[in-house]
Amino acid sequence: MRVLILGGTTEATGLARLLAARPDIQATLSYAGRTSSLAPQPIPVRVGGFGGPAGLATYLDAERIDAVVDATHPFAERMSWNAVAASEQTGVPLVALARPPWAPVPGDRWTEVDDLAAAATAFGERPRRVLLTVGRLGLKAFEAAPQHHYLVRSIDPPQDFRLPDARVILDRPPFDRASERALMQGEAVDVLVTKNAGSAATYAKIEAARELGIEVVIVRPPIRPDVATVADPEAALAWLDAHARRPADRGE
Ligand code: NAP
């Protein structure tokens, strides 16, 4: 069975590990190429866009792919819709590997917003100390609120953003609760800004903010296509075993 994983998340990496242990599965992990340093993977990796839905469909045919797992980030909207279109065009089965978004629990001080522009104005005029964990490509929105002190965490160094009072720390998930608490306390953070990505690898910041009574401005995830969805790599593997094309399905 030949599988394409659309990656960019910890869950995609987890599935790559599982599939590497299955000699009957040849899997490829695809990245958009947004981060400069990719962690080593146990399966072959390809990097870069396919050229829209038509380009992805061409790739699926050329590589004789039997199933696609969309394990992109919940905020990577375009790729998920492209995957649906290419799956419909080629008949290659598609499953989304995506956790449900985080839900607030007692003790959380959340302000939920629809996008980054709304996030930038959600914590008011008074200068605050903000931990900004929205990805380096989302920073521009916060130029509308330059009065705050920003601690920007990102995997790669951000470029092309103008915030007069910002410090960047480079780090990549997973993060644990103790280090998230230490960071927030050490930097006297009073607002955390995050996308509601639903990932276990980044949930520790939500727990740390709860424990410290820190306000969280959280961006709701966009609407995703209505496709079969599983919540963890093990379930994705079970889905593949049940639903991927067999050689006979592609006329071999
Ligand atoms: P996007 O808006 O959905 O994608 C833009 C374009 O990038 C797509 O049309 C596609 O180009 C290409 N692309 C996206 N994911 C790809 C993949 N896994 N393999 C090959 N090409 C891919 O996505 P985005 O928000 O720019 O995010 C890009 C990547 O970063 C995603 O893979 C996502 O998992 C990861 N990521 C995103 C976020 C976020 O907050 N958006 C956070 C963490 C990680 P073509 O149309 O040319 O095929």
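Which three numbers, in whole Å and largest first, are the semi-axes of the equivalent ellipsoid of the stretch 93-242 derived from its Cα gyration tensor as √(5λ)?
In descending order the semi-axes read 29, 17, 15 Å.
Could you check how much of the accessible area of the stretch 45-137 is carbon and sulfur, as a whole percent, using a 1.4 Å probe?
On the stretch 45-137, the fraction of accessible area on carbon and sulfur atoms equals 53 percent.
Output ³J(HN,Hα) for the stretch 141-152: one whole-Hz value per residue in order, computed from phi by the Karplus curve 6.51 cos²θ - 1.76 cosθ + 1.60 with θ = phi - 60°, and x for Gly and Pro.
4, 7, 5, 6, 10, x, 6, 8, 8, 10, 9, 9
Test of understanding: in a Gaussian network model of the chain with alpha carbons linked when under 10 Å, which of Lys195, Lys205, Lys140 would top the mean-square fluctuation ranking?
Top of the fluctuation ranking is Lys140.
Restricting everything to alpha-carbon atoms, can you work out Rg to Rh for the stretch 1-50 with a Kirkwood hydrodynamic radius?
0.94
Can you give me the convex hull volume of the Cα atoms of the chain, divided per residue and expressed in Å³?
Cα-based convex hull of the chain, divided per residue, equals 126 Å³.
Using just the Cα positions, wrap the stretch 1-146 in a convex hull and report its mean projected area in square nanometres, one decimal place.
Mean shadow area of the hull around the Cα atoms is 11.1 nm².
Which of Arg64, Arg162, Arg126 ends up with the largest GNM mean-square fluctuation for the chain, with Cα atoms connected below 10 Å?
Most flexible of the set in this elastic network: Arg126.
Filter the DSSP H helices in the chain by two things, a Kyte-Doolittle mean of at least -1.0 and an axial alpha-carbon span of 27 angstrom or more, and list the hits by number.
None clear 27 Å together with a mean of -1.0.
For the chain, what is the calculated [θ] at 222 nm in deg cm²/dmol (nearest 500), taking -39500 (n - 2.57) for each run of four or more DSSP H residues and dividing by its residue count?
Counting only the DSSP helices, I get -8500 deg cm²/dmol.
Per residue, what accessible area does the chain have, given a 1.4 Å probe and all protein chains present, in Å²?
I get 47 Å² per residue for the chain.
Sort largest first and round to whole Å: the equivalent ellipsoid semi-axes of the stretch 141-198, each the square root of five times a Cα gyration tensor eigenvalue.
Working through the eigenvalues yields semi-axes of 20, 14, 12 Å.
The values are calculated or read from the model by the stated rules, or taken from the named source; none is laboratory data. What you are looking at is a predicted structure, and each value in this text was computed from that prediction instead of being measured. Note: accessible area is taken over every heavy atom of the protein model, side chains too, but ligands, DNA and RNA are not part of it. Shrake-Rupley method; radii C 1.70, N 1.55, O 1.52, S 1.80 Å.
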